[in-house]
Structures are given as structure tokens and as C-alpha cells.
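One structure is given below, encoded as C-alpha cells.
Just so it is clear, none of the values below were taken in a lab; they were calculated from the coordinates. Owing to the predicted nature of the structure, the values given are computational and were not obtained by experimental measurement. Quick reminder, even Gly has a Cβ in these numbers, built from the backbone with ideal geometry, and neighbours come from all protein chains shown.
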Amino acid sequence: MREKTSLLKPSVSAIKWSFVKTFESTQECIDHLNKNRFTSVVTSPHIKGKTNVILHKGNYTQKKLAVWFGNESRGISELAIENSEACIQMEMFGIIESLNLGTSSGIVLYEITKQRREYQNKNKRGQKPDPKIKDE
């Protein structure tokens with residue numbers, strides 16, 4: 001990504017800190033994640049036959065976590081589901097049962113980031129706990 005000047009302008013400086021790896025197939029990506037000991041989870045409003053976790057009730061503090069998002073029309077692939085540990089669900093109310101990809105990924109990644117920051121703050125060696133962060 002850093003070599004493509006068309007991507008450098010709009011990203012300001014975020015691209016300097018981003019790592020993107022592309023794969024030719026879903027299986028190639030799964031093989032890479034398994035080889036590198038990632039825990040994979042999928043996102044879906046539907047139960048997928050896996051351990052189903054409501055977004056804010058899950059624990060996302062694993063060191064290596066891969067989150068799979070399906071596209072808006074077809075959802076998540078069966079291959080990704082079969083190779084995942086759990087299915088994350090966002091509680092939704094009303095007639096509409098899904099959000100667009102940008103919105104759902106933002107919500108899920110925010111929750112994961114929030115939990116990881118809290119975990120890091122609580123578990124830093126030699127550092128006093130932040131009084132603003134309360135244990136639940």
C-alpha cells in the first residue's frame with residue numbers, strides 16, 4: 001500500500017502504520033492465519049452454528065485476532081464460518097437486521113479496540129492502574 005501514491009494522499013499518515021496483506025483466495029488467507037496462530041471470528045446477525053457471542057459480552061483480548069466481515073448482499077462465506085472459533089452478533093431491534101459493512105465494521109472494531117486498551121491498562125507491569133477505568 002505504501003508504494004501506491006494514489007493511496008498515500010487521502011490517508012494522511014494512517015497508511016504509515018497500517019499493514020495490509022492480500023490473498024488470492026479465502027483458503028489462502030485461512031492457511032496464513034492458522035500458520036500464524038490467529039483466532040478467527042466471523043460477524044453476522046444470524047446464528048451460524050458456532051459459539052455465538054453478543055458483541056459487547058465477548059472477550060477480544062487475544063493477542064492475534066482476525067475478524068471476518070461478509071459483504072452486504074451475500075454475507076460471510078461458509079469457508080470462513082467453518083474455520084472460525086465464534087460468531088459475533090450485534091444486538092439489533094426492529095425490522096432491519098443488519099447494518100452496512102462500513103458501519104458494522106466500525107462498531108465491532110471499536111468494541112475490540114476498547115477492550116484491548118482496557119486490558120493493556122490493567123495489565124501493564126510496574127504501572128499504577130488508571131483511576132478513570134473502573135473494574136466491573
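Brief remarks on what is shown
- Alpha-carbon geometry of segment 25-123: the Rg and the Dmax are 13.6, 41 Å, given in that order.
- A simple spin-label model places pseudo-atoms 7 Å from Cα toward Cβ; at Ile107 and Lys21 they are separated by 3.0 nm.
- Nearest-20 debye value, segment 25-123 charge dipole, Cβ charges on Lys, Arg, Asp, Glu: 520
- Full extension of the chain segment joining Asn36 with Ile95 gains 17.2 nm, where the gain is 0.36 nm per residue of separation less the Cα-Cα distance.
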